Ligand code: NAP
């Protein structure tokens, strides 16, 4: 019970890493506020938590819409009073080279991945500041530390999240609020299945993903959920403004 009675808010908790983390947090004793743009998948996560582990509520949110975020936070506060852990997990992929990328597609990636993290954090912070405690976990990516083809928009968004994490940490350390970033490599989720489904050679792409790792396996949502659990718990109290790699050795494991 590493999160016993902690109130935890997770965005994008209807699918992939967010869902796996919601289940793990509940198993570890947390009360989980499951939020997602997708009501059906978010409610499914809540059902699974209630069947297996304990307490959760669903609140729909579009993290790009300030009013939607504000309403979501108000509903959470009405139920639980405050929040101990915020996991800014919701995000979308962005594929394409700059010269061929529509400006609208670029802006959409920035809106969900960067503005979404800013907005949810902005409206949650006053409650953490008032209680003088909190852990915020921002979903960046190992791509913030490396170059990868066709990913300029996505990489820019994840780099922005890492930079935001470090500067926000300085501002909120006096309130005993910790803010850290998760840096996963490729994790097999619906997000990855979606871009593989548009790939003319998915098998080759999977082999390519494995080649750039040291691990022979593809990452799984639970690999990232365990890292989120550590950042959420008081065990990580000395981790502040830090990038946390969970990438099978992609970034730091190269010998050439
Ligand atoms: P996923 O399975 O697609 O889950 C993301 C969830 O976020 C979905 O339920 C999605 O709803 C929701 N969402 C999308 N836009 C939203 C919005 N505007 N407001 C609220 N919720 C929204 O993705 P995942 O692979 O678990 O990825 C989760 C996070 O990890 C993302 O930030 C991603 O960039 C990051 N990440 C993933 C990998 C990887 O390889 N999978 C690697 C590094 C980092 P819909 O399904 O309805 O769109």
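The values are calculated or read from the model by the stated rules, or taken from the named source; none is laboratory data. Remember, it's a predicted structure, so these values are computed and weren't measured experimentally. As a convention, Cβ positions derive from the backbone with ideal geometry for all residues, glycine included, and neighbour counts pool all protein chains shown.
Computed quantities for the displayed model
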item	result
Test for residue 208: is it at pLDDT 90 or above, within 14 Å of the ligand (Cβ to nearest atom) and touching a strand residue (DSSP E or B) at 6+ places or on another chain (Cβ under 9 Å)	no
Matching residues, segment 1-25, being farther than 17 Å from residue 187 by Cβ and surrounded by fewer than 24 Cβ atoms within 10 Å (Cβ to Cβ)	1, 2, 3, 4, 5, 6, 7
Some residue of segment 122-140 being within 14 Å of the ligand (Cβ to nearest atom) and more than 26 Å from residue 252 (Cβ to Cβ)	yes
Residue match in segment 26-41 (condition: in contact with a helix residue (DSSP H, G or I) (Cβ under 7 Å, 6 or more places away or on another chain) and surrounded by fewer than 16 Cβ atoms within 10 Å (Cβ to Cβ))	no
Residue check, residue 144 within 14 Å of the ligand (Cβ to nearest atom), under 27 Å from residue 5 (Cα atoms) and buried (at least 18 other Cβ atoms within 10 Å of the Cβ)	no
Of all residues making up segment 22-42, the number that are within 23 Å of residue 123 (Cα to Cα) and touching a strand residue (DSSP E or B) at 6+ places or on another chain (Cβ under 6 Å)	10
When residues of segment 43-67 are limited to those that are out of contact with any strand residue (DSSP E or B) (no Cβ under 8 Å at 6 or more places or on another chain) and within 24 Å of residue 114 (Cβ to Cβ), the one surrounded by the fewest Cβ atoms within 10 Å (Cβ to Cβ)	67
Lone qualifier among 222, 161 - being at pLDDT 95 or above, under 22 Å from residue 7 (Cα atoms), in a helix (DSSP H, G or I) and within 12 Å of the ligand (Cβ to nearest atom)	222
Criterion (surrounded by fewer than 23 Cβ atoms within 10 Å (Cβ to Cβ), in contact with a strand residue (DSSP E or B) (Cβ under 9 Å, 6 or more places away or on another chain) and not in a helix (DSSP H, G or I)) met by exactly one of 169, 213	213
Number of positions in segment 194-209 that are over 19 Å from residue 17 (Cβ atoms) and part of a helix (DSSP H, G or I)	6
Search result, residues across segment 186-201 that are more than 6 Å from the ligand (Cβ to nearest atom) and surrounded by 11 or more Cβ atoms within 10 Å (Cβ to Cβ)	188, 193, 194, 195, 196, 199
